[in-house]
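K.L.:
Structure incoming, see below.
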Amino acid sequence: MSTGNGADSAPGHTSTPSTAAPAGKNSMFSSLKIRNYRLFATGQVVSNTGTWMQRIAQDWLVLSLTGSASAVGITIALQFLPMLMFGLYGGVLADRLPKRPLLIATQSAMGLTGIALAVLTLAGHVQVWHVYLAAFLLGLVTVVDNPARQTFVSEMVGKDQVANAVSLNSANFQSARLVGPAIAGVLITAVGSGWAFLLNGLSFAAPIAGLLLMRTHELHPVEPQPRAKGQLREGLRYVAGRPELIWPIALVGFIGTFGFNFPIWLSAFVNDVFHGDAGTYGLFNTLIAAGSLAGALLAARRGHSRLRLLVAAAVLFSALLLVTAFAPGFWLFAALLVPIGIFGLTVNVTANSSVQMATDPEMRGRVMALFMMVFTGGTPLGAPLLGWITDTYGARVGMAAGGLVSLVASATIAVVLARVGNLRLSVNRHGVTFVPAVRSRELVAAA
């Protein structure tokens, strides 16, 4: 675990650890020089494109069948409910089992889920409960797939490239988000949602092929942990004793639960405020993706993660949600989605890489499972609530409610981190920032 000064991170047990990885000579795309990671990234961009196509098609299908933003919220909740219920157990399995064969199994299961939904839709027999069931089954597989995929990154690239690879994973995901919604919008308008589901199911052949073609002798495998009692509790105790882990996880929990409910808000804005169609919904998702891609590439270029950057990005993201909720016109609303994407992605990537680099390898599966459980597992709580608020009081109030809760949580955790890190607020000619308490007193004396 690396160490650094208190301005950048919360303190550990005996010193103030930094979440910053050594910058070294990393370039923006340095991880792609590694063959195994290149295969992984290539497969993922194909699969992620299909995933975004299915997300758009799924949301629009549910909205078409029910006319309800709450139903969209229920679909999202069911997809992430398994993570809330079983997420920590998925982390235990990820620590116990070899990652590559585990990922081959989970990616195959996810592909079959998409194909099953495609068959029902194309046959004209799809009902809302079918979509609910498919979302729940996909969530069950994700319980194991998420921590295994997150921790497999370090096995492909090694410790020095983790921050860069995590950022490029997000850039990969957001690149697909640029393409997937646009393709989905065209397919839904032209031939219906079923073809988007089918293409998503078939897209999983790409990551499976990439995993099979990897050179196993070039991996940096972590020895699987033997089955033992108390491994789940051990993971929780490990996180609870480390402020540099628990506070970023708490922050992304609030942001994930209340701030990342875009399927609910965007579908409601399209349907009720701007009176658009599936193409408009695809456009809004593409604009968020464009901002997210920019945020991911900037994070890859930085090559390190700082907790003060995480907190600042969370505050700005939450404030932008509030502003965008009351944007008076279509194009202003659309334009504000780009910076929302930038800061939302910065929160995700910075928290992810910070937690991974501050975690011992043998604990990483359980810690990342907790991270993903908190980040996405809160959705079953937040999505139905914000879906109900959106249906009852309108799209603008629903989005503003999510932004307000996220803003209060971000500001509160910023204060907590500052106190834990023994930091003080400093206002001078260079602006407003947190500095170590000793330095703050020196600045006051100098003034």
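Each reported figure results from applying straightforward, stated rules to the coordinates on display, with no laboratory input. Bear in mind the structure is a predicted one, so any value in this text is a computation, not a measurement. Cβ placement follows ideal geometry from the backbone for every residue including glycine, while neighbour counts extend to all protein chains displayed.
K.L.:
Whole-Hz Karplus ³J(HN,Hα) for the stretch 93-99, in order, using 6.51 cos²θ - 1.76 cosθ + 1.60 and θ = phi - 60°, x for Gly and Pro?
P.N.:
So the Karplus estimates, Gly and Pro as x, are 5, 5, 6, 8, 10, x, 5 Hz.
K.L.:
Please provide three numbers in whole Å: the alpha-carbon extents of the stretch 271-350 along the principal axes, with the largest listed first.
P.N.:
42, 22, 14
K.L.:
A further question follows. Provide the per-residue ³J(HN,Hα) series for the stretch 342-350, in order, calculated from phi with Karplus coefficients 6.51, -1.76, 1.60 and θ = phi - 60°, each as a whole number of Hz, with x at glycine and proline positions.
P.N.:
Going residue by residue, I get 4, 6, x, 5, 4, 4, 4, 5, 5 Hz, with x marking Gly and Pro.
K.L.:
Which ³J(HN,Hα) values, rounded to whole Hz and listed in residue order, are derived for the stretch 398-413 from phi using the Karplus coefficients 6.51, -1.76 and 1.60 in 6.51 cos²θ - 1.76 cosθ + 1.60 with θ = phi - 60°, glycine and proline given as x?
P.N.:
Result, ordered by residue: x, 5, 5, 5, x, x, 5, 4, 4, 5, 4, 5, 5, 5, 5, 5 Hz.
K.L.:
Then there is this: So how much slack lies between residue 38 and residue 397, counting 0.36 nm per residue of separation and subtracting their Cα-Cα distance, in nm? Intermediate results must be reported in sequence, preceding the final value.
P.N.:
Working: separation 359, 0.36 × 359 = 129.24 nm, distance 4.33 nm.
Using 0.36 nm per residue and subtracting the Cα-Cα distance, I get 124.9 nm.
K.L.:
Round to the nearest 0.05 the FRET efficiency obtained for residue 419 and residue 123 when R0 = 56 Å and r is the Cβ-Cβ distance. Before the final figure, lay out the partial values.
P.N.:
Details: r = 59 Å, r/R0 = 1.05.
It comes to 0.40.
K.L.:
Please report the net charge: other residues with Cβ closer than 14 Å to the Cβ of residue 38, K and R +1, D and E -1. Mind dumping the intermediate values first?
P.N.:
Numbers: positive: 33, 35, 215; negative: 218.
Once all neighbours under 14 Å are counted, the net charge is +2.
K.L.:
Also, I was wondering about something else. Got the relative contact order for the stretch 261-378 handy, in percent, Cα pairs under 8 Å and 6 or more residues apart?
P.N.:
Working: 100 pairs, mean separation 37.2, N = 118.
Once divided by the residue count of the stretch 261-378, the mean separation gives 32 percent.
K.L.:
Here is a further query. Normalised by the number of residues in the stretch 145-253, what is the relative contact order in percent for Cα pairs under 8 Å and 6+ residues apart? Kindly include the intermediate steps, with their values, before the conclusion.
P.N.:
Details: 26 pairs, mean separation 32.0, N = 109.
So the answer I get is 29 percent.
K.L.:
What list of whole percents do you get for P(r) of the stretch 134-189, with Cα-Cα distances grouped in 5 Å bins up to the one holding the largest distance?
P.N.:
Binned Cα distances yield the sequence 4, 15, 16, 16, 21, 15, 8, 4, 1, 0.
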